[in-house]
């Protein structure tokens, strides 16, 4: 584990760090120096705002990284712990994170408080919600009662977020975005990973499938959509889940987030159990005034088709991360998503074109 001692620095250090970055020093090292220069004043600001005693010398350790260019560090001086988001501005913009955090907080959803921010440099100092995600808890082994508590909390939080939805606050999850996401599958997973080009017959099936999916998605009620509402992005914070990684939120189909929650890349739930949780969400959401179909079977069908769109997108993203960004391990979970697609084909005759496509690609 990387261990850095953070001490107070003056403006010369900050200027030196910027000069190193501009002079072509390797990006990660230059980012590190910029962070070290920015952090002491940010930590002092956070301590003052929280009414804490003056910060002592702290240690900075890697907390996590994700499929994007963002990195996270945890700073601790023994008395207090904080999280730093490092988002290189040439690839990432922290402003959507700041704005959407406000929408979530207004809805009563627990998110990391933003204690200091420098959008121009791509740094945020955040409240530390702990080190244990839902996914880590599930993978470590939880009792049936604990799993019930975790997912019940996730559903209640999601309903609260969706009930606060209103148009004009977030970009639309519209047909153009949905088609662009679907295109990742033939472009990256089929074309780059499988090294194949779709035949005329396969393209015909693909076009029919895309039209079927889009007709369903665009007919749904629109709500705030997190887009990665899954156990890896939910923290086991006291009382309710802490929600992370929400910077890509859009205004789109109501079935998207609940589908993501129970069809995850990193763990499996039996199909009947997934459908039971979706039903519980449907009941709570309707009770909260969210406009969902009156018949559960209709909503389940929407969720199933939404899942197909997401799974195809994710397969394309995993391939892109592998071949463009040099992160191969994400493709290790591709078979799980192919099985999700197969399960959906077995349940819904509208997905016959997808079944033929998977057969012809030998997936």
Does segment 239-363 come out rounded, prolate or oblate, given a ≥ b ≥ c as the square roots of the eigenvalues of its C-alpha gyration tensor, rounded meaning a/c under 1.5 and, failing that, prolate meaning a/b above b/c? oblate
The chain: angle of helix 11-22 to the longest principal axis, Cα-based, in degrees nearest 10: 40 degrees
In units of 2.2 N^0.38 Å, what is the alpha-carbon radius of gyration of the chain? 1.06
Distance cut-off 15 Å, percentage of C-alpha pairs in segment 31-124 lying past it: 62 percent
Short version: what are the Cα gyration tensor semi-axes of segment 209-297, square root of 5 times each eigenvalue, largest first, in whole Å? 21, 16, 15
In which sequence would 340, 281 go, from the one with the fewest C-beta neighbours within 10 Å to the one with the most? 340, 281
For segment 193-248, what does the alpha-carbon gyration tensor say about shape, rounded, prolate or oblate, given a ≥ b ≥ c as the root eigenvalues, a/c under 1.5 as rounded, and a/b over b/c as prolate? oblate
Of 111, 212, how do they rank once you tally other Cβ atoms within 10 Å and put the fewest first? 212, 111
Sorted peptide list for 71-83, 283-295, criterion being average Cβ within 10 angstrom, highest first: 71-83, 283-295
Please tell me the relative contact order of segment 134-360 in percent, rounded to the nearest whole number, where contacts are Cα pairs under 8 Å and at least six residues apart. 27 percent
Percent antiparallel among DSSP beta bridges confined to the chain, rounded to 5, stands at 95 percent
Where does helix 27-50 land angle-wise versus the long Cα axis of the chain, in degrees 0 to 90, nearest 10? 80 degrees
Could you sort the peptides 252-260, 100-108, 35-43 by per-residue average Cβ neighbour count (10 Å cutoff), highest mean leading? 252-260, 35-43, 100-108
Relative packing of peptides 322-332, 353-363 - highest average C-beta neighbours within 10 Å first: 353-363, 322-332
Degrees separating the helix 200-219 axis from the principal Cα axis of the chain, which is the longest one: 70 degrees
Tell me, how many Å apart are the Cα centres for segment 241-279 and for segment 78-153? 17 Å
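FYI, it's all coordinate maths here, none of it is from the lab. Owing to the predicted nature of the structure, the values given are computational and were not obtained by experimental measurement. With ideal geometry, Cβ positions are generated from the backbone for all residues, glycine too; neighbour counts draw on all protein chains shown.
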